[in-house]
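The values are calculated or read from the model by the stated rules, or taken from the named source; none is laboratory data. Just so it is clear, the model here is predicted, and its values are computed rather than measured. As a convention, Cβ positions derive from the backbone with ideal geometry for all residues, glycine included, and neighbour counts pool all protein chains shown. Ligands, DNA and RNA are stripped out before the accessible areas are found, and what is left, the full protein with its side chains, is counted by its heavy atoms. Shrake-Rupley method; radii C 1.70, N 1.55, O 1.52, S 1.80 Å.
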Amino acid sequence: MANLLSTVFSSPTLVFTAAFLLRAVLLVYGLWQDANSPLKYTDIDYLVFTDAARFTFSSPPSSSSSSSSFLSGLVPQGSPYDRETYRYTPLLAYLLWPTTPAAAASLPGPRVLWASWGKILFAAADLAAGYLLVAILRKHRGLSGPRALRYAGAIWLLNPMVAAISTRGSSEGLLGVLVAALLWAVLERRVVLAGLLLGLGVHFKIYPFIYAPAIVWWMDAERMSLGQSATTRSSSKKTNNNGNDPSLAEKLLRFVTPERVVLTLVSLATFAALNLAMYSLYGHDFLQHTFLHHVTRIDHRHNFSPYNVLLYLASAAQGSGGFKIESVAFVPQLLLSVVLIPLVGAKKDLAATMLAQTFAFVTFNKVCTSQYFLWYMVFLPLYLPESSLTRRPRLGLAALALWVAAQGAWLQQGFNLEFLGRSTFAPGLWWASLAFFLVNCWILGLIISDLGTTTTATTTAVTTSIRSSTSKVGGGGTTARGAVAQSSSSTSGSSISDTKRKHG
């Protein structure tokens with residue numbers, strides 16, 4: 001068995017083929033379960049997405065030719081917000097155009113294939129995110145090919161939970177690939193691309209805005225000025241031209257670097273352009289359902305948050321005045337994920353910091369469902385290789401066992417409530433929610449304590465990258481620039497340590 005796993009994880013082709021087959025099997029099984037079981041495999045969210053696409057591209061029957069009918073079906077003529085509970089950007093409905101009846105009738109192939117188009121798209125996004133994770137692990141975290149495949153494969157690509165969520169029709173896979181691509185672009189110093197992805201990600205789903213402070217803080221002049229030597233950059237950081245400590249004004253001027261300005265302008269321009277385009281088409285409905293709804297939402301079903309019971313009571317008393325504690329739930333959430341964690345960790349380890357931000361955001365969110373776990377799970381392959389959870393296996397197993405057990409306890413109470421109709425709000429559901437919240441807070445503390453101690457690359461990987469860069473470019477100045485770029489790119493932490501010394 002060990003030899004088989006070693007063989008599989010030594011080949012990218014085998015890992016990605018296995019990941020593809022896992023999702024294909026789940027897709028086919030899901031069709032069977034939907035047709036034969038009262039408990040459906042397809043997530044209710046997928047029905048919302050496809051209904052929204054149908055409303056968006058619905059048009060009255062016409063006697064025109066099939067060709068012109070096909071082309072007219074490509075043009076949005078309705079609103080996705082005609083579908084109640086659709087709380088997403090219209091772009092998601094556009095992506096699911098092939099699931100509409102008009103499209104399915106015009107496109108070749110069986111209709112059931114196009115009805116599952118969204119699930120296929122989300123599953124493909126999973127695979128693309130996995131590819132980016134392997135690339136980051138190899139180049140920017142210093143892992144060998146097989147070891148990178150082991151972490152990306154076991155935690156993301158071959159994880160049944162990840163595959164099931166996407167093949168059931170949840171769109172979180174799209175967010176996974178957007179966030180992974182954002183991190184890859186930042187580490188590669190592709191600032192314009194990073195700005196485009198950040199603006200698109202925040203438009204698609206609000207939460208990626210939390211990464212902006214960490215990325216901006218990480219992109220200091222010392223890390224982004226590839227043409228300077230390490231000595232020059234270190235010296236310029238500590239003193240001004242007169243050899244004195246820089247003043248506050250000088251520090252502020254140094255903070256405003258060209259890369260930070262470009263990232264800010266491009267991301268804001270992308271976000272604003274997409275929002276203006278959608279607002280021009282759908283007006284206030286777009287703002288209300290895509291953004292404003294999430295400030296006042298009181299969803300309590302399938303909600304692991306300790307705010308669960310409070311939101312249930314609030315939903316029964318809608319319209320009553322007075323202060324509502326859930327309206328300020330975002331204060332500790334944003335203080336941790338947007339301010340404190342980026343300041344503490346971004347310059348030490350950007351990937352682990354983004355994990356901690358996401359984990360804090362989900363843990364303290366007033367609505368927390370299983371799909372949200374994918375938001376931070378995509379970062380786990382980048383964090384775990386050198387984390388305390390891996391260095392101390394007992395600690396890692398304890399964290400996993402407590403996380404699963406607390407979630408299982410909540411699911412047992414939730415099943416009794418939502419499927420059997422038993423009132424388990426108090427004390428069962430409340431205690432289960434609180435236990436899951438405390439377990440997550442403990443795990444978040446472990447992640448934060450690891451910031452700055454996790455290895456982000458190895459000396460061997462840096463040397464190999466420099467040699468590769470040197471072989472591709474000519475000239476001493478260009479070679480030196482490439483060497484500094486690769487060395488800087490691979491050290492988002494505070495130091496470089498030898499992986500071979502730790503892992504053999």
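Observations, loosely collected:
- For the residue pairs K119/K347; K119/K348; K119/K139; K139/K348, alpha carbon separations beyond 28 Å are given by K119/K347; K119/K348; K119/K139.
- Distance between the pseudo-spin-label points of T7 and A277 (7 Å out from Cα toward the beta carbon): 4.8 nm.
- Listed by chain and number, the aspartates and glutamates whose C-alpha is less than 15 Å from the C-alpha of K366, apart from same-chain residues fewer than 8 away, are D299, E326.
- Farthest towards the positive end of the charge dipole of the stretch 79-149, among the residues S144, Y86, A123, is the Cα of S144, using unit charges on the Cβ of Lys, Arg, Asp and Glu.
- These residues, S6, S337, S225, go from largest to smallest accessible area, 1.4 Å probe, as S6, S225, S337.
- Heavy atoms of W32: accessible area, 1.4 Å probe, square angstrom to 10: 150
- By average C-beta atoms within 10 angstrom, highest first, the peptides 180-189, 436-445: 180-189, 436-445
- Residue ranking by accessible heavy-atom surface, 1.4 Å probe, largest first, among Y211, Y372, Y312, Y307 comes out as Y312, Y307, Y372, Y211.
- Across the stretch 4-15, rounded Karplus estimates of 3J(HN,Hα) from the backbone phi angles (6.51 cos²θ - 1.76 cosθ + 1.60, θ = phi - 60°) give 5, 5, 4, 5, 4, 7, 8, 10, x, 4, 5, 5 Hz, Gly and Pro being marked x.
- Accessible surface ranking for H294, H203, H284, H289, 1.4 angstrom probe, highest first: H284, H294, H289, H203.
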